[in-house]
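Q: Pasting a structure below so you can have a look.
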Amino acid sequence: DGIMSVGTTTNGLTYKIHGRVGDSPIPGGGSYVIQGIGGCGATGNGDIMVRFLPTYKAVQHMANGSSPYEAIQLAMGEIREV
């Protein structure tokens, strides 16, 4: 049907602080999709994911004409600069 979806799973329970929400349920942190454009999923340091929202930014770059490869390079470039 052309419907897109994306998801991310986590095993963050080992280091989870009581009451803290991880990155996986945060749109743009663990995953993000725009129908007709594309989707992105990621895993890694949850604090970095929530701070920079790389999956959201990657999909936005694709919406602006970047290839998936270019989009993730741009999104990750912000993280590399820190």
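The values are calculated or read from the model by the stated rules, or taken from the named source; none is laboratory data. The model shown is predicted, which means the values in this text are computed figures rather than measured ones. Cβ atoms come from the backbone with ideal geometry, glycine included; neighbour counts cover every protein chain shown. Heads up: the accessible areas ignore ligands, DNA and RNA and are worked out on the full protein's heavy atoms, side chains in. Shrake-Rupley method; radii C 1.70, N 1.55, O 1.52, S 1.80 Å.
Q: I'd like the accessible area for Ile48: 1.4 Å probe, protein heavy atoms, all chains in place, Å² to the nearest 10.
A: 50 Å²
Q: Around Ile26, what is the net charge, scoring Lys/Arg as +1 and Asp/Glu as -1 over all other residues with Cβ under 12 Å from its Cβ?
A: 0
Q: With a probe of 1.4 Å, find how much accessible area the chain has per residue, and write the answer as a whole number in Å².
A: 68 Å²
Q: What are the GluC sites (Glu not before Pro) within the chain that DSSP puts in a loop, where the Cβ has at most 15 other Cβ atoms within 10 Å?
A: Loop-located and lightly packed - Glu81.
Q: Relative contact order of segment 29-82: what whole-number percent is it, with Cα pairs under 8 angstrom and at least 6 residues apart?
A: For segment 29-82, the relative contact order is 32 percent.
Q: With every protein chain kept in the model, how would you rank His61, His18 by accessible area, 1.4 Å probe, largest at the top?
A: His18, His61
Q: Ignoring ligands, DNA and RNA, what percent of the 1.4 Å accessible area of the chain is carbon and sulfur?
A: Answer for the chain: carbon and sulfur cover 56 percent of the accessible area.
Q: Right, something else. Within segment 19-82, which trypsin sites (Lys or Arg not before Pro) sit in a loop by DSSP and count at most 12 neighbouring Cβ atoms inside 10 Å?
A: Arg20
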